[in-house]
Amino acid sequence: MLYREAGQFKTTYAQDMAMFSIRQDRLAFALLLAAVFIGVPLLASLHAWPFGNEYLIRAILIPFLILSLAAIGVNILVGYCGQISLGSGAFMAVGAYSAYKFGTGIHIPLTALGTTIAIPPLPVLLSILLGGLMAALAGILFGIPSLRIKGLYLAVATLAAQFFFDWVFLRVPWFTNYSSSGSVNAPALTFFGATLNSPIERYFICLIFVTAFALLAKNLVRGNIGRQWMAIRDMDIAAELMGIRPLYAKLTAFAVSSFIVGVAGALWAFVYLGSWEPLAFSIDRSFQLLFMVIIGGLGSILGAFLGAAFILVLPIALDQIPHALGIPVSVETVSLLTFVVTGALICYLLIVEPHGFARLWSTAKEKLRLWPYPY
């Protein structure tokens with residue numbers, strides 16, 4: 001009875017096309033925004049449970065938000081357009097290193113032409129967005145093979161992007177400003193004249209980016225371009241016969257996906273890590289993002305958040321349970337058990353519901369609509 005839409009009439013096209021057409025959904029979304037924008041900072045300032053220290057914000061909430069943003073980007077490409085990618089970590093790296101170069105200034109001497117390309121250090125916000133733009137260009141470049149190949153062959157082609165950019169950022173010292181150690185330090189997080197350092201301020205930065213890009217992605221997939229992506233995903237030949245251009249649809253999916261992943265990579269480097277090296281964006285990161293999308297739900301913005309929560313938060317919770325219960329278990333054993341339990345839960349989930357947590361949530365909403373009458 002609490003999730004009943006009886007009596008809620010849609011009298012305009014705007015109401016019929018609204019993102020949250022049911023009043024209960026709008027109320028739940030407003031409460032969620034209030035909780036993350038007001039509740040979390042308030043509890044953190046009061047040091048109330050579970051925000052007694054900075055661990056929850058610094059080690060869980062900030063990486064959760066950034067990886068959720070990256071998973072949204074991967075979901076646009078894999079879930080909505082059906083193009084398998086194993087190079088998401090590379091596009092995160094492109095976004096991070098491009099933002100670093102724009103944030104610290106670019107100097108390229110062109111001796112043969114007798115000139116120099118010099119760009120002064122740009123503001124952090126502009127650097128992050130330009131980092132996403134450079135990742136989008138790289139995504140378009142490595143998305144061109146998708147016009148001729150698909151499936152596992154395309155996955156191997158995107159895997160080449162991972163190996164190529166790993167080598168570039170490790171072997172070309174220009175990208176690290178000739179750092180002898182190969183690691184780089186992000187510039188100060190200065191937004192509109194204010195330097196943000198505390199964990200709650202960094203949390204706010206990530207939250208604003210994630211909210212804006214999640215709403216943008218949700219509207220994109222509901223519009224004309226999103227329907228083209230899904231038509232290409234379901235049957236590309238039929239979509240082409242209907243007048244959809246595969247070149248435009250696939251490359252826009254690669255561009256939008258890589259842009260969001262690149263912005264997530266810049267946030268991961270600037271806001272979460274502070275200093276990093278190419279191993280921070282290794283192939284493990286690509287697999288991690290792909291698992292988040294599959295477990296959370298292909299073709300679902302909500303699924304990106306649910307998948308990120310499962311992959312990131314669950315191992316941390318399992319790691320803390322023996323210590324909280326006072327069970328004397330070694331650290332190595334706990335780590336091994338965490339891998340075993342997480343792997344078993346993933347297998348069980350994919351057997352019970354192959355479409356991920358998003359489908360479970362959709363099924364629960366349908367049951368709530370009918371409750372207490374099952375038919």
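The values are calculated or read from the model by the stated rules, or taken from the named source; none is laboratory data. A quick note: this is a predicted structure, and the numbers were derived from the prediction, not measured. Please note: Cβ atoms are built from the backbone with ideal geometry, for glycine as well, and neighbour counts cover all protein chains shown. Side chains included, ligands, DNA and RNA excluded: accessible areas come from the protein's heavy atoms. Shrake-Rupley method; radii C 1.70, N 1.55, O 1.52, S 1.80 Å.
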* To do: Hey, can you find the accessible area per residue of segment 307-366 for me, probe 1.4 Å, expressed in square angstrom?
  => 65
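Applying 1/(1 + (r/R0)^6) with R0 = 22 Å to the Cβ-Cβ distance of Tyr348 and Phe287, what FRET efficiency is obtained, to the nearest 0.05? Spell out each step's value before the answer.
Values: r = 20 Å, r/R0 = 0.89.
Here the calculated transfer efficiency is 0.65.
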* Per DSSP H run of at least 4 residues, take -39500 (n - 2.57); add these up for the chain, divide by its residues and hand me the 222 nm value, nearest 500 deg cm²/dmol. => -19500 deg cm²/dmol
* To do: Would you mind telling me which residue in Val221, Val271, Val74 has the biggest mean-square fluctuation in a Gaussian network model of the chain, where springs connect alpha carbons within a distance under 10 angstrom?
  => Val221
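Would you please name the chymotrypsin sites (Phe, Trp or Tyr not before Pro) within segment 112-201 that are DSSP coil residues with at most 10 other C-beta atoms within 10 Å of their C-beta?
On the way: sites: Phe142, Tyr153, Phe163, Phe164, Phe165, Trp167, Phe169, Trp174, Phe175, Tyr178, Phe191, Phe192; in loops: Tyr178, Phe192.
Within segment 112-201, the qualifying chymotrypsin sites (Phe, Trp or Tyr not before Pro) (loop, at most 10 other Cβ atoms within 10 Å) are Tyr178, Phe192.
State whether segment 252-375 is rounded, prolate or oblate according to the following rule on the C-alpha gyration tensor (a ≥ b ≥ c being the square roots of its eigenvalues): a/c under 1.5 gives rounded; otherwise a/b larger than b/c gives prolate, and the remaining case gives oblate.
Numbers: a/c = 2.28, a/b = 1.11, b/c = 2.06.
It comes out oblate by the Cα gyration axes.
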* To do: Could you work out the Kirkwood radius for segment 306-347, taking every pair of different alpha carbons, averaging 1/r and inverting it, reported in Å?
  => 10.6
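If I compute solvent accessible area with a 1.4 Å probe over the protein chains, what percent of it on the chain is carbon and sulfur? Display every interim value, and only then the final one.
Working: 14010 of 19880 Å².
Exposed carbon and sulfur together represent 70 percent of the surface.
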* To do: Enter the Cα centre distance for the pair segment 183-216 and segment 283-357, rounded to the nearest angstrom.
  => 26
* To the nearest 10 square angstrom, what accessible area does Trp361 show with a 1.4 Å probe? -> 140
* Asked: For the pair Arg245 and Phe191, how long in nm is the line joining their label points, each one 7 Å along Cα→Cβ?
  -> 3.7
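Mean separation of Cα pairs under 8 Å and 6+ residues apart, divided by the residue count of the chain: what relative contact order is that in percent? Provide the component values of the computation, followed by the final result.
Details: 533 pairs, mean separation 104.8, N = 375.
Computed over the chain, the figure is 28 percent.
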* **Rounded accessible area of Leu141 (nearest 10 Å², 1.4 Å probe)** => 110
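Using the membrane-span-like helix rule (whole DSSP H runs, Cα extent along the own axis of at least 18 Å, mean Kyte-Doolittle hydropathy at least -0.5), which helices of the chain qualify?
Values: long enough: 62-75 (20 Å, 2.09); 88-104 (24 Å, 0.52); 124-143 (28 Å, 2.37); 152-171 (28 Å, 1.38); 199-222 (34 Å, 1.25); 246-267 (31 Å, 1.51); 283-296 (20 Å, 1.44); 331-352 (31 Å, 2.18); 356-370 (22 Å, -0.35).
Answer set is 62-75, 88-104, 124-143, 152-171, 199-222, 246-267, 283-296, 331-352, 356-370.
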* Asked: Which distance in nm do the two modelled labels at Val329 and Ser180 give, with both placed 7 Å along the Cα-to-Cβ direction?
  -> 4.5
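What shape does segment 181-302 have by the C-alpha gyration tensor, where a ≥ b ≥ c are the square roots of the eigenvalues, rounded means a/c under 1.5, and otherwise prolate means a/b greater than b/c and oblate the rest? All intermediate terms of the calculation are to be shown ahead of the outcome.
Numbers: a/c = 2.56, a/b = 1.95, b/c = 1.31.
Here segment 181-302 falls in the prolate category.
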* Chain lengthening between Leu46 and Ile22 when straightened (0.36 nm per residue, less Cα-Cα) -> 5.2 nm
* Please report the Cα spread of the chain along all three principal axes, rounded to whole Å, starting with the longest. => 78, 63, 43
* **Long-range amide H partners of Ile106 with built H, under 5 Å** => Ile119
* Structure fact -> Amide H proximity to Phe191 below 5 Å, modelled H, separation 5+ or other chain, gives Leu196
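Starting from the Cα-Cα distance between Glu5 and Leu32, subtract it from 0.36 nm times their residue separation and give me the gain in nm to one decimal.
Working: separation 27, 0.36 × 27 = 9.72 nm, distance 2.03 nm.
Here the answer is 7.7 nm.
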* In 10 Å bins starting at 0, how do the alpha-carbon pair distances of segment 172-233 split up by percent? -> 17, 23, 24, 25, 10
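What does the charge add up to near Tyr373, with Lys and Arg as +1, Asp and Glu as -1, over the other residues with Cβ less than 12 Å from its Cβ?
Values: positive: Arg4, Lys367, Arg369; negative: none.
Cβ neighbours under 12 Å give a net charge of +3.
Which peptide among 275-283, 254-262 comes first, and what is the full order, when sorted by highest mean count of other Cβ atoms within 10 Å? Can you show the working numbers first?
Details: 275-283: 18.4, 254-262: 28.9.
Going by the mean number of other Cβ atoms within 10 Å, highest first, we get 254-262, 275-283.
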* Under 5 Å, built H, 5+ apart or other chain: amide partners of Tyr3 -> none
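Within the chain, what is the number of lysine pairs with alpha carbons under 26 Å apart, leaving out pairs fewer than eight places apart on the same chain?
Lysine pairs satisfying the spacing and distance rule in the chain number 8.
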* To do: Indicate the gyration tensor shape class of segment 83-175 (rounded, prolate or oblate), computed on the Cα atoms with a ≥ b ≥ c the square roots of the eigenvalues: a/c under 1.5 is rounded; otherwise a/b larger than b/c is prolate and the rest oblate.
  => prolate
